[in-house]
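The values are calculated or read from the model by the stated rules, or taken from the named source; none is laboratory data. Here the structure is a predicted model, which means the values were calculated and not measured. Using ideal geometry, Cβ is built from the backbone for each residue, glycine included, and neighbour counts are taken over all protein chains shown. The accessibility values were calculated without ligands, DNA or RNA, using every heavy atom of the protein model including side chains. Shrake-Rupley method; radii C 1.70, N 1.55, O 1.52, S 1.80 Å.
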Amino acid sequence: MSKDEKDKVQIIDKELDLSNAGRGVWLVKVPKYIAQKWEKAPSNMDVGKLRISKTPGQKAQVSLSLTPAVLALDPDEKIPTEHVLDVSQVTKQTLGVFSHMAPTEATTAAANNGKENGSAAASATPDSEKLYMEGRIVQKLECRPIADTCYMKLKLESIRKASEPQRRVQPIDKIVQNYKPVKDHAHNIEYRERKKAEGKKARDDKNAVMDMLFHAFEKHQYYNIKDLVKITNQPISYLKEILKDVCDYNMKNPHKNMWELKKEYRHYKTEEQKDEEKTKSEGSSDSD
């Protein structure tokens, strides 16, 4: 929900019924298989029986037995019927149980008709939706089954299902063209053919390599080592030996990791010289 939609939502203050605020409530944690059974059960069915046995000087023993009606909802699924509840007191927390009574379709329709007709039926709308506090949680109980044969079979089945791999290898009857293996890719073949045509890089005479370097640096002031290898077609180790004699390696920006001719080998033309040559060339063209 966007911020604009939240601003458009009408906030209605509702009264909270606190008549049962002083009532103590138990919070019970049940296994998943019991919760699934109770969700399938209709609202008017007895789902279990709770037994509390008190012995003087000892902690009360609480047990839960599922009714045959709940077990009959799914006869093929065998689950434990007897359970023990471990009780613990809630001391450092304040927890409450709340219920919300939503309006029924008939009540909503009657309220809408009352609004249209301008009758007193519209006054039934606030009473159709109520909030109740059912009580305050005083004890927490954890329901655990008795370790009998039925429970052991249930756990064994759950472990078996959990251990089943999510992915399985399946045989394919037809060849899938999208995943057909290729002996060699086109770019690998092209690379090998290009390397074969170039041949193995042989060391040329040092003076010849230096001439190629000087000719390259007449075009650009800075070069990367990869570009110089392509220009001279020399082994990179041999090329670096020559570059150390005639070039400087830049370690700082803006030309980091690039080579430049040493000062004694540079003969770059200044802007004034370039302007003079340009003027002379233009003058010679006019005289013609």
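Give me a count of the residues in the range 11-32 that are under 24 Å from residue 50 (Cβ atoms) and of a type in the set (Asp, Glu).
Counting residues in the range 11-32 that are under 24 Å from residue 50 (Cβ atoms) and of a type in the set (Asp, Glu) gives 0.
So residue 269 passes all but one of these: (1) modelled with pLDDT of 90 or more; (2) out of contact with any Leu (no Cβ under 6 Å at 6 or more places or on another chain). Which condition number does it fail?
(1)
Of all residues being in a loop (DSSP other than H, G, I, E, B) and acidic (Asp, Glu) in the range 127-148, which is modelled with the lowest pLDDT? Just the residue, please.
129
Does any residue in the range 241-258 that is free of Cβ contacts under 8 Å to residues at least 60 places away in the same chain come within less than 9 Å, Cβ to Cβ, of a residue that is acidic (Asp, Glu) and part of a strand (DSSP E or B) six or more places away or on a different chain, and which pairs are these?
Cβ pairs passing all conditions: 247/260; 248/260; 249/260; 250/260.
One line per residue, one yes/no per condition, for (1) modelled with pLDDT under 75; (2) open to solvent by 70 Å² or more (accessible area, probe 1.4 Å); (3) in contact with a helix residue (DSSP H, G or I) (Cβ under 6 Å, 6 or more places away or on another chain); (4) among the aromatic types (Phe, Trp, Tyr):
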{"residue": "116", "(1), (2), (3), (4)": "yes, yes, no, no"}
{"residue": "125", "(1), (2), (3), (4)": "yes, no, yes, no"}
{"residue": "150", "(1), (2), (3), (4)": "no, no, no, no"}
{"residue": "160", "(1), (2), (3), (4)": "no, yes, no, no"}
{"residue": "163", "(1), (2), (3), (4)": "no, yes, no, no"}
{"residue": "172", "(1), (2), (3), (4)": "no, yes, no, no"}
{"residue": "179", "(1), (2), (3), (4)": "yes, yes, no, yes"}
{"residue": "183", "(1), (2), (3), (4)": "no, yes, no, no"}
{"residue": "188", "(1), (2), (3), (4)": "no, no, no, no"}
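Considering only residues of the range 62-91 that are without any contact (Cβ under 8 Å) to a residue 12 or more places away in the chain and over 41 Å from the mean Cα position of the chain (by Cα), which is farthest from residue 29 (Cα to Cα)?
72
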